[in-house]
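This report refers to the structure that appears directly beneath it.
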Amino acid sequence: MLLLALTSSAFALPSAGASWSPLATTPVQIACTTSEGRPYCRSTGVIGVPQAQATAIFAEFDKYVDRMGAITRIDRLEPDVLRIVMDYPFPFEDRDYVARFTRRTEADGTVVYGWKPVEHPKAPVESGVLRLTRLDGEWRFAAEGANTRVTYVWEAEAGGNLPDVGAVRTQAGTLAIRDMASACGTKVVSP
């Protein structure tokens, strides 16, 4: 099933004029900022497939979880609601979130999938998994020649007691773009 297509979505994401602090430049670019007192990070990289292919695969992301390294499970609860379980290394608990996704296309052709957290009766909290209840963000897919520039923006509060939040955010940003490329059967071709 395709994610529900809506013409607009409202987010508390960082504004266009936000000041981003770089964390990494390769294999993907990663930077973080604060918006309304909440930490956000952005990772971006170019993957080796056309935009239409990347967005079609993202719309059915739950069908490609076996190709991903950072995501262990995606449950489609409704056409536009997913529960996503992220793998964290031992001794940390895995994280999950339940979100409603929206889709819009901007004037320049960039396709944006945004999400907001929701509660859902088919997604009870599981033992050993830390539920992230504030996590929101967006995926942006812009054509770059025969390839696609993928930008992932997410609320970067990882929950729990993590010793090096910067390293966790760098790994999360890198794995997100790599997992998107893997789902598409390709690689990250440039930052």
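The values are calculated or read from the model by the stated rules, or taken from the named source; none is laboratory data. From a predicted model like this one, the values you see are computed outputs, not experimental measurements. Heads up, the Cβs are rebuilt from the backbone with ideal geometry, glycines too, and the neighbour counts pull from every protein chain shown.
Can you tell me which residue is surrounded by the fewest Cβ atoms within 10 Å (Cβ to Cβ) among those in region 112-146 that are touching a helix residue (DSSP H, G or I) at 6+ places or on another chain (Cβ under 9 Å) and among the small types (Gly, Ala, Ser)?
Quick first cut of region 112-146, residues touching a helix residue (DSSP H, G or I) at 6+ places or on another chain (Cβ under 9 Å) only: 113, 139, 141-144.
Next, only the ones that are among the small types (Gly, Ala, Ser) stay: 142-143.
Values: Ala142: 19, Ala143: 16.
The residue in question is Ala143.
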For this session: Check off (1) surrounded by 16 or more Cβ atoms within 10 Å (Cβ to Cβ); (2) closer than 19 Å to Asp62 by Cα; (3) of a type in the set (D, E, K, R) for Arg149 and give me the number that stays unchecked.
Result: (2)
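Taking the condition surrounded by 19 or more Cβ atoms within 10 Å (Cβ to Cβ) and of a type in the set (Val, Ile, Thr), does Thr102 pass? If you could, list the steps in order and put the result at the bottom.
Details: surrounded by 19 or more Cβ atoms within 10 Å (Cβ to Cβ): yes; of a type in the set (Val, Ile, Thr): yes.
Criteria met by Thr102.
Against the definition (out of contact with any Lys or Arg (no Cβ under 7 Å at 6 or more places or on another chain), modelled with pLDDT under 90 and either within 24 Å of Ser35 (Cα to Cα) or not aromatic (Phe, Trp, Tyr) (or both)), how does Arg169 come out, yes or no? Quick ask: steps written out before the conclusion?
Numbers: out of contact with any Lys or Arg (no Cβ under 7 Å at 6 or more places or on another chain): yes; modelled with pLDDT under 90: yes; either within 24 Å of Ser35 (Cα to Cα) or not aromatic (Phe, Trp, Tyr) (or both): yes.
In short, yes.
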For this session: Can you run down the residue pairs with Cβ atoms below 7 Å, 6 or more apart or on separate chains, where the first is in region 169-191 and part of a strand (DSSP E or B) and the partner is at pLDDT 95 or above and surrounded by fewer than 18 Cβ atoms within 10 Å (Cβ to Cβ)?
Result: Val189/Gly48
For this session: Might you check whether a residue that is closer than 19 Å to Ala167 by Cα, among the hydrophobic types (A, V, I, L, M, F, W, C) and in a strand (DSSP E or B) occurs anywhere in region 99-113?
Result: no
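Residue-by-condition table, conditions (1) outside any loop (DSSP other than H, G, I, E, B); (2) modelled with pLDDT under 90; (3) under 25 Å from Arg134 (Cβ atoms); (4) under 17 Å from the mean Cα position of the chain (by Cα):
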{"site": "Leu3", "(1), (2), (3), (4)": "no, yes, yes, yes"}
{"site": "Leu6", "(1), (2), (3), (4)": "no, yes, yes, no"}
{"site": "Phe11", "(1), (2), (3), (4)": "no, yes, yes, yes"}
{"site": "Gly17", "(1), (2), (3), (4)": "no, yes, yes, no"}
{"site": "Thr33", "(1), (2), (3), (4)": "yes, no, yes, yes"}
{"site": "Ala52", "(1), (2), (3), (4)": "yes, no, no, no"}
{"site": "Lys63", "(1), (2), (3), (4)": "yes, no, no, yes"}
{"site": "Tyr88", "(1), (2), (3), (4)": "no, yes, yes, yes"}
{"site": "Asp96", "(1), (2), (3), (4)": "yes, no, yes, yes"}
Exercise. Being touching a residue at least 12 places away in the same chain (Cβ under 8 Å), in contact with a strand residue (DSSP E or B) (Cβ under 8 Å, 6 or more places away or on another chain), surrounded by fewer than 16 Cβ atoms within 10 Å (Cβ to Cβ) and β-branched (Val, Ile, Thr), is that true of even one residue in region 76-97?
Worked result: no
Seminar exercise, completed: The lone condition Gly160 fails out of (1) modelled with pLDDT of 90 or more; (2) of a type in the set (Gly, Ala, Ser); (3) assigned to a loop (DSSP other than H, G, I, E, B) is (1)
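Under the condition of being under 14 Å from the mean Cα position of the chain (by Cα) and not β-branched (Val, Ile, Thr), which residue from region 38-50 is nearest to Pro27 (Cα to Cα)?
Ranking the qualifying residues of region 38-50, first place goes to Gly45.
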